[in-house]
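What follows is one structure encoded as structure tokens, with my remarks underneath.
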Amino acid sequence: MNTLEFDVLVLGGGPAGTAAATLLAQRSHRVALVRPTNTPTGALAESIPPSARRLLAELGVLKATDAAGFFPNNGNSVWWANNESRSENFSGDGNGYHVDRTGFERVLVSAAEAIGARVLIGMTARKAVESETCWKVSCEAEDGGMVEIQAPWVLDATGRHGFLARDVRETDRSTTTLAITQRFEKLSGWDEATGNHTLIESYQDGWAWSVPLSPTLRCFTVMVDQRHAELEGREVSEILREELAKTTHLASMLDHVNTKGDSWACSSSLYHARKYSRPGLLLVGDAGSFIDPLSSYGVKKALASGWLAGIVVHTALIDAPMTDVALDFFDNRERSVYQSYRHRSAEFFEEAASVYGHPYWTTRAEAARAAVGAGSGPDDEDWLEDLEGTHVPVDLVRAAHERIRSAESLNSRAHPDLRIIKRPAIRSQRIVMKRHLMSDTYPKGIRYVRGIDLLRLVELAPRFDQVPDIWNGYNEKEAPVSLPDFLVGLSTAFAAGLLVHPDQ
Ligand SMILES: Cc1cc2nc3c(=O)[nH]c(=O)nc-3n(C[C@H](O)[C@H](O)[C@H](O)COP(=O)(O)OP(=O)(O)OC[C@H]3O[C@@H](n4cnc5c(N)ncnc54)[C@H](O)[C@@H]3O)c2cc1C
């Protein structure tokens, strides 16, 4: 059997695996990525929010993603729990994407290869043996040939399959979710006003959504629970039609349509890992945990997980004494990210449970509530900031911003009880120990938001009473930051109680 040696072996070529391989190749490590030619999710159409652009930029694939010509994602229209339609139009820098999954993976895999990762397509990991110094993973090619890959680090990014992750995962057994999906074409096109929107609609015992791939092509998916729906012995296309007929708005879109390709079904039940990292192994993206597709954040979560896994392994390879700290950082992040998405979906499930009262919704609401536990709040909206350790509620930041805007003079001072601790953080794609500000409200410490150094801000702000002067002062020593980012940093410093106004 042919043997190949690498620093890192990435199993799986979805968003998580390609993100990790790209980052590691950027940092000049010898990295191999192994994946089968076709993936089970290949026929999916996926909705990716604009906030994923920042991660794509970090990975150096934003231009290629934009150039691929995916159908823009301009917002969501939601009919939830019998409420009026809620529409959200994305604003700000750039749109999100509605991607044909195969095309999106092509962009990500090409980027990883272009930067220097060795991509082995048409290979499936079959067996892994771990010794004291390295992994030996036997991979099977499509012609039946075998290759052994040796590497001290393996990243399991094999999605739901969970080649190595399976053994340390726990499934949420209170609910089981099956996604059934089908593409439909309507030659005359659909309503132009929501043409670039992801559409979501709940019903008595399930929910459905529709992702557009062009003005005339949409992917419709329903989420059913095997425990509550009659599925046995029935064609998936029949179940899909019947479920979609329970909706009002989505059903009305299905007049005069043609099916494109086959309908198919896959599990969407939730699971999470008991531990996401240990020396030599990280569980990345969906291999470690699966969040409800309701969030439309699965791809972003996988990209972020891959990006962070790359950073953690890079740190271990160049700064061995930091290995345990970096692995714990990854484990903590993956845990809190899963919790955070559970928390967000709980609100939707509870709203639906209160209107429909059906076990489909009541069990989901109860399970989400139990998983989140009392007292856990949602993480910050933006993951990259969150990865750097900020958990300040957005409404507090907004209120602080309003106060700063309306004040004639800022007159701030550092909170008298502020202390400084050392904690791990991401800097220049490495995990390092950094000084953090610690207060009673933020006992774990806080340092950066939108790349703004809050420690420096807290030292600087009390010296000036006008915001532009603080901004200029800040930019004198640091690489210049934009005013909007700076204002978010300043507002966060007040919202987190690091800075206080004189009357506080
Ligand atoms: C029905 C449905 C709809 C969804 N819609 C959305 C959406 O609209 N927006 C969104 O953001 N997310 C959505 N998601 C979630 C999203 O698809 C996943 O969260 C995301 O793809 C996870 O990426 P990943 O790289 O971790 O895993 P995957 O994308 O699953 O990639 C796993 C990779 O591992 C490979 N692999 C598997 N076994 C092996 C092996 N033994 N050896 C080597 N390679 C292997 C696979 O071929 C694949 O390349 C949806 C999920 C489902 C099920």
Can you tell me which residue in the stretch 300-339 is surrounded by the most Cβ atoms within 10 Å (Cβ to Cβ), limited to those that are within 15 Å of the ligand (Cβ to nearest atom) and of a type in the set (Ser, Thr, Tyr)?
305
Going through the stretch 224-251 one residue at a time, which ones are out of contact with any helix residue (DSSP H, G or I) (no Cβ under 7 Å at 6 or more places or on another chain), under 25 Å from residue 100 (Cβ atoms) and without any contact (Cβ under 8 Å) to a residue 40 or more places away in the chain?
235, 241
Would a scan of the stretch 358-374 turn up a residue that is open to solvent by less than 40 Å² (accessible area, probe 1.4 Å), in a loop (DSSP other than H, G, I, E, B) and modelled with pLDDT of 95 or more?
yes
Criterion first (within 13 Å of the ligand (Cβ to nearest atom), closer than 22 Å to residue 268 by Cα and in a helix (DSSP H, G or I)) does residue 52 satisfy it?
yes
Quick check on the stretch 266-299: of everything there that is under 20 Å from residue 198 (Cα atoms) and of a type in the set (Gly, Ala, Ser), which residue is surrounded by the most Cβ atoms within 10 Å (Cβ to Cβ)?
298
Mind telling me which of the residues 229, 245 ends up being surrounded by fewer than 15 Cβ atoms within 10 Å (Cβ to Cβ) and aliphatic (A, V, I, L, M)?
245
I'm trying to understand the selection: among the residues of the stretch 262-292, which are of a type in the set (Asp, Glu) and either within 12 Å of the ligand (Cβ to nearest atom) or under 16 Å from the mean Cα position of the chain (by Cα) (or both)?
286, 292
Which residue pairs have Cβ atoms closer than 6 Å, lie 6 or more positions apart in sequence or on different chains, and pair a first residue in the stretch 142-170 that is closer than 14 Å to residue 127 by Cα with a second residue that is open to solvent by 40 Å² or more (accessible area, probe 1.4 Å) and within 12 Å of the ligand (Cβ to nearest atom)?
146/140
Output the residues belonging to the stretch 47-75 that are modelled with pLDDT of 95 or more and in contact with a His (Cβ under 8 Å, 6 or more places away or on another chain).
47, 48, 70, 71, 72, 73
So which of 71, 90, 104 is within 24 Å of residue 308 (Cα to Cα) and aromatic (Phe, Trp, Tyr)?
104
Kindly indicate which of 249, 272 is closer than 30 Å to residue 131 by Cα and of a type outside the set (A, V, I, L, M, F, W, C).
272
Members of the stretch 91-126 found to be farther than 30 Å from residue 212 by Cα and part of a strand (DSSP E or B), listed by number
118, 119, 120, 123, 124, 125, 126
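The values are calculated or read from the model by the stated rules, or taken from the named source; none is laboratory data. Worth saying up front: this structure is predicted, and the values here are computed from it rather than measured. Here the Cβ is made from the backbone with ideal geometry for all residues, glycine too, and neighbour counts use every protein chain on show. What goes into the accessible areas is simple: the full protein's heavy atoms, side chains included, and nothing from ligands, DNA or RNA. Shrake-Rupley method; radii C 1.70, N 1.55, O 1.52, S 1.80 Å.
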